[in-house]
Amino acid sequence: MTVGMNRALCLVLATAFAGCVEFESPYSKPQQVAANVTRSSDQYTRVSKIAARPIPIVNFPNTSTAQLVSLQGRSNEIDLVVQAIFLHSTGGWRFLEQAFDSQGTQLATKVVSQDSDETGVTETVAIAVPKEYLVAHSQSGLDIKVVGRRGDVLIKLPASYVQGFLLALK
């Protein structure tokens, strides 16, 4: 067999095997999302935290995650916590501070932290998403742009993720 034929055969076999192997995302079904929700409480502040597993956001070469978190106690608030890591080589700081959904609605945003090290910067923001807002978007999912002075991050969470988190809150 020639080198060209070997490569062609390998490509055909890889394609065939790839069709046989199916990887299921831990975010594809609401029940899976709900099963991976963690609960914790602080005896001093009397605040309970319910947090969905962080979901990775494709933003190559930078990385981002988003997760729904509910703090119950003094106030019953739900936040979409977005952590974005930007490499120095791809622009560094974005100074994320505002969020808008795909309908143009501005969402209340709090800067949680801004850190840097030798490889890049990490910016974490919390976006207030009332339970009613999550219920209203449970069929479509969340489509939010987090905006900063030097760039932005697009966050898309599937409907199954929102539904699973709401299921866990019951």
Residue-wise HN-Hα coupling along segment 115-131, computed from phi with Karplus coefficients 6.51, -1.76, 1.60 (Hz; x: Gly, Pro): 10, 9, 9, 5, 9, x, 10, 10, 10, 10, 10, 10, 10, 5, 10, x, 4
Semi-axes of the equivalent ellipsoid for segment 77-129, Cα gyration tensor, largest first, Å: 23, 12, 7
Alpha-carbon centroid distance for the pair segment 121-170 / segment 52-108, whole angstrom: 8 Å
HN-Hα J in Hz across segment 153-168 - Karplus 6.51, -1.76, 1.60, θ = phi - 60°, x for Gly and Pro: 9, 9, 10, 10, 10, x, 4, 4, 5, 5, 4, x, 5, 4, 4, 5
³J(HN,Hα) computed for each position of segment 38-50 - Karplus, 6.51 cos²θ - 1.76 cosθ + 1.60, integer Hz, glycine/proline x: 9, 10, 8, 9, 10, 5, 7, 8, 6, 10, 9, 10, 10
Diffusion constant of segment 27-88 at 37 °C, which comes from Stokes-Einstein with the Kirkwood Cα-pair radius and 0.692 mPa s, µm²/s: 251 µm²/s
Sparse-neighbourhood loop sites, trypsin sites (Lys or Arg not before Pro) in segment 24-83 - DSSP loop, at most 10 other Cβ within 10 angstrom: R46, R74
Residues with amide H under 5 Å from that of I155, placed H, sequence gap 5 or more: I144, K145, V146
Spin-label model distance (nm) - S102 vs T119, 7 Å beyond Cα toward Cβ: 3.2 nm
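What percentage of the solvent-accessible surface of segment 85-170, computed with a 1.4 Å probe over protein heavy atoms, is contributed by carbon and sulfur atoms? Write out the running numbers ahead of the final one.
Numbers: 2270 of 4370 Å².
Summing carbon and sulfur atoms, their accessible area is 52 percent of the total for segment 85-170.
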At most 10 other Cβ within 10 Å, DSSP loop - chymotrypsin sites (Phe, Trp or Tyr not before Pro), segment 37-139: Y44
Segment 17-170 - Rg and Dmax from Cα coordinates, angstrom: 16.2, 54
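The values are calculated or read from the model by the stated rules, or taken from the named source; none is laboratory data. Here the structure is a predicted model, which is why all the values come from computation and not from measurement. In this analysis, Cβ positions are derived from the backbone assuming ideal geometry, glycine residues included, and neighbour counts consider all displayed protein chains. Remember, those area values only see protein heavy atoms, side chains included, never the ligands or the DNA or RNA. Shrake-Rupley method; radii C 1.70, N 1.55, O 1.52, S 1.80 Å.
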